[in-house]
1. Answer yes or no: is there a residue in region 133-147 that is small (Gly, Ala, Ser), closer than 19 Å to residue 169 by Cβ and free of Cβ contacts under 8 Å to residues at least 24 places away in the same chain.
2. Please state which of the following conditions residue 341 fails to meet, knowing it meets all the rest: (1) over 30 Å from residue 138 (Cα atoms); (2) open to solvent by 50 Å² or more (accessible area, probe 1.4 Å); (3) without any contact (Cβ under 8 Å) to a residue 60 or more places away in the chain; (4) not aliphatic (A, V, I, L, M).
3. Where the second residue is surrounded by 24 or more Cβ atoms within 10 Å (Cβ to Cβ) and at pLDDT below 95 and the first is on the phi < 0 side of the Ramachandran plot and of a type in the set (D, E, K, R) and lies in region 94-117, which pairs have Cβ atoms under 8 Å and are six or more apart or on separate chains?
4. Answer yes if at least one residue in region 325-337 is surrounded by fewer than 18 Cβ atoms within 10 Å (Cβ to Cβ) and free of Cβ contacts under 8 Å to residues at least 40 places away in the same chain, and no otherwise.
5. Could you list, in sequence order, all residues of region 378-396 that are of a type in the set (Phe, Trp, Tyr) and under 10 Å from residue 434 (Cβ atoms)?
6. Could you please let me know if residue 427 is open to solvent by 30 Å² or more (accessible area, probe 1.4 Å) and over 26 Å from the mean Cα position of the chain (by Cα)?
7. List every residue pair whose Cβ atoms lie under 7 Å apart, where the two residues are 6 or more positions apart in sequence or sit on different chains, the first residue falls within region 169-187 and is more than 29 Å from residue 285 (Cα to Cα), and the second residue, located anywhere, is in a strand (DSSP E or B) and open to solvent by less than 20 Å² (accessible area, probe 1.4 Å).
8. Go through 68, 124, 143, 155 for me and flag whichever is surrounded by fewer than 21 Cβ atoms within 10 Å (Cβ to Cβ) and in contact with a helix residue (DSSP H, G or I) (Cβ under 7 Å, 6 or more places away or on another chain).
Amino acid sequence: MENILSKPQYLGKRVRLEKPELLAPAGNLEKLKFAIHYGADAVYIGGQKYGLRSNADNFTFEEMREGVEFAKKYGAKVFVATNIYVHNEDIEGIETYLRSLYEAGITAIIAADPAIIEVAQQTVPLLEVHLSTQQSTLNWQAVKFWKDEGLPRVVLGREASLEEIAEIKNKVEIEIEAFIHGAMCSSISGRCVLSNHFTDRDSNRGGCCQSCRWKYDLFEDGRGSEGNHAEAGQPEALLPGITQLPLFEEEDSAFTMGSKDLCMLEHIPDLIEVGIDSFKIEGRMKSIHYVATVVNVYRQAIDAYFEDPEHYVLKPEWLDELHKAANRPLNTGFFYDTPDHEDHIYEPENKAAPYDFAGLVLEYDESTRIAVIQQRNYFKIGQEIEFFGPKGTFFKQRITEMWDEEGQLIETARHPLQQIHMKVDQPVSYFDMMRKKH
């Protein structure tokens, strides 16, 4: 495939940070701290209202204030998703909610509905408004429209290609944010109505039940076929005069309609050179281990590129790390080509990541080489574990000895949040993570 950078690309004035912003998801306060500690320049969260992840933990205003204070220590920012499409009953309370976000120290909201955008601009003009991907903005003229409306940033629809992004950056001086890693919607993002139809949960109001990832069997409508009789053992008509004829054998597996996950780690130079200002990772519902691993990898790759662009090389260990947190097969989405049937997952998928978050480093004594580990998942003597962290920590070892808080030798760490003392083969730092393989 021809490299996108051999085509017309962004050549104009850049409206961007010195480096592209690495924007990470944070489903709760703990995930926010991990995302920032592992290298995110900004995080996006959900509040108690007006967001599209109603099943996430989401943040109270008190938690937002604590998250903002933590972010400030690292020079990071906090954005809040207010990206539902508003119904009449949602309008009352928007102004009060947005004022509270601003008072909590939030830098920007991510919005799609003009009702929220207009209220924000009139009520809290110092609160930035970033256009949500829910608007499915894919062309430079639409981007210009939103710039003329006073928005400093547009989050493009996931269907935008690198070539289209290059043209947008050439024609409009505005910050562009794009998803570069995580789950992809099988429909036009946020517009799916399967969830509404099957479960009465509205995708555009935060209730998506991810019905594209359910398991399905395939039937043919037997209505009007000659004879129109169900064979022995086949389902009877669901409606009078209609027979459902199965198009599968009993031993066949049910299929899904979910898409593969997006991963642009192997194409960091293309993303940077085309002029994308913010690299967005999807996954507010993901685990701490997932968020920390993915942010850590992209942080290393972006920094390595800017240290020496001419000699930048993708490190195989970065890909290995991503696969330890990946839930589904990966592809490059719409950046280079339109996905086809090979970019969807039809076979039953093994969603479990191959590694579990087992412990968090709280302390390390250089003289004794003993670390204090906060237990997050069961582990035991003799088990192989890995340590990794934002300062380049990475090594494997077997657990040989460990003690509880009273100094008693123990064989297993089975109690949540228990503080375990154990010997480690190499130095570790506060907030390094310990993981184990399934």
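The values are calculated or read from the model by the stated rules, or taken from the named source; none is laboratory data. All of these numbers come straight from a predicted model, not from anything done at the bench. So basically every Cβ, Gly included, is an ideal-geometry build from the backbone, and we count neighbours across all protein chains shown. Each accessible area value is taken on the protein alone, full model and side chains, heavy atoms only, with ligands, DNA and RNA left out. Shrake-Rupley method; radii C 1.70, N 1.55, O 1.52, S 1.80 Å.
1. Yes, some residue in region 133-147 is small (Gly, Ala, Ser), closer than 19 Å to residue 169 by Cβ and free of Cβ contacts under 8 Å to residues at least 24 places away in the same chain.
2. All conditions are met except number (1).
3. So the pair list comes out as 113/83; 113/84.
4. Checked region 325-337: no residue is surrounded by fewer than 18 Cβ atoms within 10 Å (Cβ to Cβ) and free of Cβ contacts under 8 Å to residues at least 40 places away in the same chain.
5. Hits for region 378-396 are 379, 387, 388.
6. The answer is yes for residue 427.
7. 169/176; 174/153; 174/154
8. After applying the criteria, what remains is 124.
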